[in-house]
């Protein structure tokens, strides 16, 4: 989907590096907490984009009283 913007289309493309990818390549352990907001596709979750651990919400919004729909463990697998 083209949002009419030159770079960001609602997801991270493979040409864009995350700070987690850069730091991991240089020997750092990486952790992210919060809302991901850059793609719901499991191939673009934080663990696949350079973060060793992720504590947060992939889709950016969920029911905080019922964590069942939130992919906690799936988001932490590479």
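Taken together, the values in this text are just the output of simple stated rules run on the coordinates, not laboratory data. Note that this is a predicted model, so its numbers are computed, not measured. Cβ atoms come from the backbone with ideal geometry, glycine included; neighbour counts cover every protein chain shown.
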Difference of contour (0.36 nm per residue) and Cα-Cα distance, residue 11 to residue 41:
9.9 nm
For 58, 22, order by how many other beta-carbon atoms lie within 10 Å, fewest first
22, 58
Can you order the peptides 47-54, 35-42 by their average number of other Cβ atoms within 10 Å per residue, highest first?
47-54, 35-42
